[in-house]
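Participant: Have a look at this one before I ask anything.
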Amino acid sequence: MRVDRIVKAVVAALEDIKARHFLVLNVVKLTSMFDREIIASGDSTRQVKSLADNVQVKLKALGAKV
């Protein structure tokens, strides 16, 4: 699966739950573990848990490994 498609799905999932201040970093030259790092914040613990759950649901729907 293409990285761009995964990044778009994650950003859409974060926007669905109203994530605040999310940032997509290209770290392909810094580490061999992954290509992108996505950082987001929420207003409460409950919202952050909902953000994580929604990202997992969206990625599983695409067929990506979570």
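Participant: So if I check each of ASN54, ASN26, which one is polar (S, T, N, Q) and touching a helix residue (DSSP H, G or I) at 6+ places or on another chain (Cβ under 7 Å)? Spell out the reasoning first.
Facilitator: Working: ASN26 fails: touching a helix residue (DSSP H, G or I) at 6+ places or on another chain (Cβ under 7 Å).
Going through ASN54, ASN26 in turn, the sole match is ASN54.
Participant: Only residues in segment 2-27 that are touching a residue at least 40 places away in the same chain (Cβ under 8 Å) count as the first member; pair them with residues that are surrounded by 14 or more Cβ atoms within 10 Å (Cβ to Cβ) and not in a helix (DSSP H, G or I), Cβ under 7 angstrom, at least 6 apart or cross-chain, and list the lot.
Facilitator: These pairs meet every condition: ILE6/ALA64; VAL10/ILE38; LEU14/PHE22; LEU14/ALA40.
Participant: Report yes if some residue within segment 20-40 is assigned to a helix (DSSP H, G or I) and open to solvent by 90 Å² or more (accessible area, probe 1.4 Å); otherwise report no.
Facilitator: No, segment 20-40 contains no residue that is assigned to a helix (DSSP H, G or I) and open to solvent by 90 Å² or more (accessible area, probe 1.4 Å).
Participant: Tell me which residues, restricted to segment 1-18, are of a type in the set (A, V, I, L, M) and either part of a helix (DSSP H, G or I) or exposed (fewer than 14 other Cβ atoms within 10 Å of the Cβ) (or both).
Facilitator: Within segment 1-18, MET1, VAL3, ILE6, VAL7, ALA9, VAL10, VAL11, ALA12, ALA13, LEU14 meet the criteria.
The values are calculated or read from the model by the stated rules, or taken from the named source; none is laboratory data. The model shown is predicted, which means the values in this text are computed figures rather than measured ones. No Cβ is skipped: glycine too gets one built from the backbone with ideal geometry, and neighbour counts run over all protein chains shown. Please note that ligands, DNA and RNA were not included when accessible areas were found on the heavy atoms of the full protein model with its side chains. Shrake-Rupley method; radii C 1.70, N 1.55, O 1.52, S 1.80 Å.
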